[in-house]
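Comments concern the structure below.
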Amino acid sequence: MGLRIEDSKAWRGRAQLYGTKRGETVEYVNGPRVGMWTWDSAQNEVLKSLEANVYDASVKASDRLRAKKDELVASGRFTPAGIRDELRQFAETSVKPALDRARAELDAAQQLVRDRRASMRPVAATTPDDAVTTLKKMEARTILRSMSRRDLVNVLAGSNPDPVFVQAALESPPHMVPNIDPVLRRHLEQTAIQSQFGSQIEELDELEGAIKDATNAASVVAAEVTKELQPAPQLVSSAGDKKIA
């Protein structure tokens with residue numbers, strides 16, 4: 001079972017950043033695209049943190065800024081430049097910290113995925129080889145050293161690779177079988193890693209998808225906040241005129 005929620009009715013979040021109230025509900029059909037949260041956070045602690053501390057935290061920070069702006073406009077006490085001054089102060093204390101935490105959370109999740117991928121290496125047999133297998137691997141290495149690259153590819157990475165030869169190659173330092181070039185050795189390692197860690201690799205691929213979705217939400221909000229706080233060109237000269245009365 002994967003980490004993505006297949007039933008679209010169970011997706012959370014919002015398709016777009018801004019909502020329109022229709023009756024008792026709010027439909028998020030305006031503004032830049034955020035994308036629904038399509039991941040089952042209950043299955044994974046990283047997903048749970050990404051949803052709460054990046055996705056939800058970012059869109060809620062945007063909501064707070066929008067609500068503050070509506071409040072300032074409704075008061076009738078501020079010029080457009082004054083509203084932006086008030087919003088900048090509000091953003092420093094109620095919006096920017098949430099976005100900073102979201103970025104830190106994304107960095108941590110990305111590092112975790114990188115570290116887990118880096119830790120995946122072909123695993124040696126859990127039990128020592130018996131005498132016969134040891135001799136077979138020694139003989140295999142001797143034969144490998146005398147092979148052409150074409151024969152090496154056929155034996156090690158062809159349609160029916162010889163497992164004894166593959167194990168002998170992977171367990172040997174590069175200098176012991178120097179005619180196995182780095183490209184072929186990397187292919188053997190990746191094939192072995194995929195075989196041994198297939199389910200974990202699939203999980204990491206899905207986590208990277210969730211990180212991408214969370215990053216998009218945080219980036220959309222950050223861009224909208226920056227846009228909201230920038231003065232319009234025609235108002236720059238009156239930025240000091242904070243209040244009407």
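Every read-out reported here was derived from the displayed coordinates using simple, explicitly stated rules and does not represent laboratory data. Everything quoted here is computed from the prediction, not taken from an experiment. Here Cβ is always computed from backbone atoms with ideal geometry, including for glycine, and neighbour counts include all displayed protein chains.
Scaled to the globular estimate 2.2 N^0.38 Å, the Cα spread of the chain, given as radius of gyration, is 1.60.
In this structure, HIS175 and GLN196 have a Cβ-Cβ separation that, at R0 = 35 Å, corresponds to a calculated FRET efficiency of about 0.90. Note on MET138 and ARG185: the model spin-label points, each 7 Å out from Cα along the C-beta direction, lie 2.3 nm apart.
Maximal additional length on extending the ALA223-ALA67 stretch stands at 54.4 nm, based on 0.36 nm per residue less the C-alpha distance.
The ARG33 and ASP115 beta-carbon pair, evaluated with R₀ = 30 Å, returns a calculated FRET efficiency of approximately 0.45. Working ranking of peptides 84-91, 8-15, 137-144 by packing, defined as the average number of other Cβ atoms within 10 Å per residue, highest first, is 84-91, 137-144, 8-15.
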